[in-house]
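Comments concern the structure below.
The values are calculated or read from the model by the stated rules, or taken from the named source; none is laboratory data. It should be emphasised that the depicted structure is a prediction, and the values quoted were computed from it without experimental measurement. Here the Cβ positions follow ideal geometry from the backbone for every residue, glycine too, while neighbour counts run over all protein chains shown. Remember, those area values only see protein heavy atoms, side chains included, never the ligands or the DNA or RNA. Shrake-Rupley method; radii C 1.70, N 1.55, O 1.52, S 1.80 Å.
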Amino acid sequence: MSASGQADLVIVANRLPVDRVTDDDGNASWRRSPGGLVSALEPVLRQNDGAWIGWPGGTDDELEPFVEDGMSLVPVHLSASEVEEFYEGFSNGTLWPLYHDVVAKPEFHREWWDAYVVVNERFATKAASVAAEGAMVWVHDYQLQLVPQMLRELRPDLRIGFYLHIPFPPGELFQQLPWRRQILQGLLGADVVGFQLAGGAGNFIRLVRQRVGHKTHRDLVYLPDERTVRAAAYPISIDTEGFEELARSESVAARAAEIREALGNPATLFLGIDRLDYTKGIYARLRAYSELVRDGDLDVEDSVFVQVATPSRERVEQYILIREEIEQLVGQVNGDLGEIGKPVISYLHSSYPKEEMAALYRAADVMVVTPFRDGMNLVAKEYVACRFDGDGALVLSEFAGAANELRQAWLVNPYDINGMKQALVDAHRSTDRERRKRMKAMRRTVVEHDVKAWADEFLRELSQVRESHGKTVRPARRS
Ligand code: GDG
């Protein structure tokens with residue numbers, strides 16, 4: 001951010017890219033969160049006098065803007081009732097299930113919506129005060145879908161981009177939302193609206209035509225004020241090189257060996273790593289696996305399933321329920337089928353440092369990623385990035401965005417338990433040659449398209465949208 005306190009590139013996301021940590025003496029400091037988004041955007045932020053606007057977590061203090069690790073960070077405060085109604089409520093109790101194929105039932109509450117509007121306004125006002133004349137503002141994700149239009153009203157000079165990290169649902173589902181029109185109009189405040197998949201962009205364009213009545217052509221929406229909005233797919237990726245480097249390190253190699261040793265050096269280690277979320281299909285996958293053990297297709301003596309379930313949204317009711325169901329299943333399966341020192345499922349409800357994640361990826365023979373619906377799923381890509389040895393099998397849900405790119409995985413329908421059982425067995429029994437052939441193709445994909453390429457492509461598109469303030473230029477066609 002320049003001395004004037006204004007930035008030429010502004011990232012607006014629900015969370016800041018740092019977490020507050022308190023040491024043993026009670027001193028608070030900030031630690032960079034490990035996400036790929038941060039590593040992809042950090043260099044761009046530095047080059048462009050950038051700033052990042054977001055909620056620092058918690059509800060205690062109203063913090064002033066600060067610089068951490070060379071990044072200008074601008075905190076947005078949320079009150080306890082806003083965390084409940086905006087974050088846990090409308091964002092994670094209404095939009096999240098609605099946008100994920102209604103895997104859980106979305107709740108519609110007018111007070112939650114009111115809080116969503118108020119908080120979106122606060123983010124928009126903050127962005128308007130931080131952005132320099134003609135700056136680029138990149139708004140992220142479902143919590144902030146009204147920000148583009150609110151910001152445009154405050155600052156018509158800006159170029160505004162929006163990226164949705166989760167799926168954008170088909171009209172049949174989206175239309176349940178009592179505030180569907182407001183959301184569409186909120187998004188149309190952006191010059192470029194990015195989605196994970198072309199399907200999501202198509203759903204959005206169709207809804208805009210049918211519900212708002214704007215003219216559209218392919219990926220463009222023509223607004224009455226002559227502005228055009230582009231809605232297209234920009235599939236997100238990971239810091240492939242960073243992951244591979246980590247996986248290659250000696251400490252990670254040693255830790256991977258240690259993990260296998262601690263599990264009794266099984267012939268086959270199956271692995272699942274997910275936020276504990278009902279969209280991720282953890283229960284169904286563990287059920288499929290345990291049936292294979294029960295039926296004798298897999299043997300507890302030489303196979304184990306390690307499931308890491310990272311704590312997430314722990315105060316939202318549906319998350320409390322799914323945790324209970326999973327933990328009951330794990331207890332039952334281990335009780336019925338496990339042996340001393342040989343659980344069927346080694347279940348860990350915890351989060352780990354990135355090094356431990358890389359060690360798990362390296363240790364796993366079969367990575368199992370079976371969401372009912374997922375925007376992309378970075379875990380699948382991270383596994384591939386860590387398998388520089390060319391080995392390892394990926395079982396992947398057709399309903400993860402990643403399945404569009406990682407076509408050589410063992411693709412499964414997570415609703416089909418028998419189909420999943422078959423895929424687990426196939427991956428488990430696959431020949432070395434088969435696995436290597438598939439892994440090689442998938443590695444090419446994640447090496448060629450990493451998170452930097454993703455961010456560059458989106459920002460390039462956004463920078464070409466309107467060449468100068470006040471003059472509307474039709475965006476160049478994408479090749
Ligand atoms: C949303 C969309 C889309 C998990 N546990 C730990 C840990 N993680 C990291 C993983 C991965 C990330 O969290 C999870 O990303 P996913 O893509 O798998 O899923 P969501 O959290 O649901 O993400 C999704 C994504 O946004 C990006 O657009 O792909 O579809 O739902 O990077 O490695 N990291 C560490 N410890 C853990 O315990 N360090």
**Asked** How much length is gained if the chain between residue 340 and residue 425 is pulled fully straight, taking 0.36 nm per residue apart and subtracting their Cα-Cα distance, in nm to one decimal?
**Response** 28.2 nm
**Asked** Given the pairs 381/452; 381/440; 280/421; 381/437; 105/215, which span a C-alpha to C-alpha distance of over 21 angstrom in this model?
**Response** 105/215
**Complete:** Taking the chain and counting helices only, DSSP H stretches of n ≥ 4 at -39,500 (n - 2.57) each over all residues, the nearest-500 ellipticity at 222 nm comes to -12000 deg cm²/dmol
**Item:** Cα centroid separation - the stretch 295-348 against the stretch 397-469, whole Å
**Value:** 26
**Asked** At what distance in nm do the modelled label points of residue 20 and residue 262 sit from each other, each positioned 7 Å from its Cα along Cα→Cβ?
**Response** 3.1
**Message:** Can you tally the net charge around residue 282? Count Lys and Arg as +1, Asp and Glu as -1, for every other residue whose Cβ sits under 13 Å from the Cβ of residue 282.
**Reply:** -1
**Item:** Virtual spin-label span in nm between residue 32 and residue 332, 7 Å along Cα→Cβ
**Value:** 4.5
**Fill in**
The rounded separation in angstrom of the Cα centers of the stretch 207-236 and the stretch 20-52 is 34
**Fill in**
One would report the Cα pair-distance distribution of the chain, bin width 20 Å, in %, as 23, 55, 21, 1
**Item:** Residue-span extension gain [residue 407 to residue 283] - 0.36 nm each, minus C-alpha spacing
**Value:** 42.2 nm
**Complete:** Taking the alpha-carbon centre of each part, the distance from the stretch 247-281 to the stretch 87-127 in Å is 35
**Request:** Return one whole number: the accessible area per residue of the stretch 153-224 in Å², for a 1.4 Å probe.
**Result:** 39
**Prompt:** Which sequence of 361, 352, 222 reflects their accessible areas, 1.4 Å probe, from the largest down?
**Reply:** 352, 222, 361
**Complete:** Using alpha-carbon positions, the gyration tensor of the stretch 240-448 gives root eigenvalues a ≥ b ≥ c; with a/c under 1.5 called rounded, otherwise prolate if a/b exceeds b/c, else oblate, the class is rounded
**Request:** With a 1.4 Å probe and every protein chain left in place, tell me how much accessible area residue 129 has, in Å² to the nearest 10.
**Result:** 70
**Fill in**
In this structure, the FRET efficiency calculated for residue 62 and residue 456 from their beta-carbon separation, with R0 = 35 Å, to the nearest 0.05, is 0.50
**Fill in**
Distance in nm between residue 80 and residue 302 label points, each 7 Å along Cα→Cβ, equals 5.7
**Asked** With r defined as the distance between the Cβ atoms of residue 250 and residue 125 and R0 fixed at 35 Å, what FRET efficiency is calculated, to the nearest 0.05?
**Response** 0.10
**Prompt:** Given a 1.4 Å probe and the protein chains all in place, what does the accessible area of residue 351 round to, in Å² to the nearest 10?
**Reply:** 80
**Asked** What is the stretch 114-192 by shape, rounded, prolate or oblate, if you read a ≥ b ≥ c off the alpha carbon gyration tensor as root eigenvalues and call it rounded for a/c under 1.5, prolate for a/b larger than b/c, and oblate otherwise?
**Response** prolate
**Complete:** If the chain between residue 437 and residue 310 were fully extended at 0.36 nm per residue, the gain over the current Cα-Cα distance would be 42.6 nm
**Complete:** With all protein chains present and a 1.4 Å probe, the order of 340, 320, 417 from largest accessible area down is 340, 320, 417
**Request:** Starting from the Cα gyration tensor of the stretch 70-207, take the square roots of the eigenvalues, sort them a ≥ b ≥ c, and report rounded, prolate or oblate (rounded when a/c is under 1.5, otherwise prolate if a/b is larger than b/c, else oblate).
**Result:** oblate
**Complete:** Diffing the stretch 129-137: the Karplus 3J(HN,Hα) column from phi (6.51, -1.76, 1.60, θ = phi - 60°), in whole Hz with x for Gly and Pro, holds 7, 8, 6, 6, 3, x, 5, 9, 10
**Item:** Heavy-atom SASA rank of 279, 22 (probe 1.4 Å, accessible area, largest first)
**Value:** 22, 279
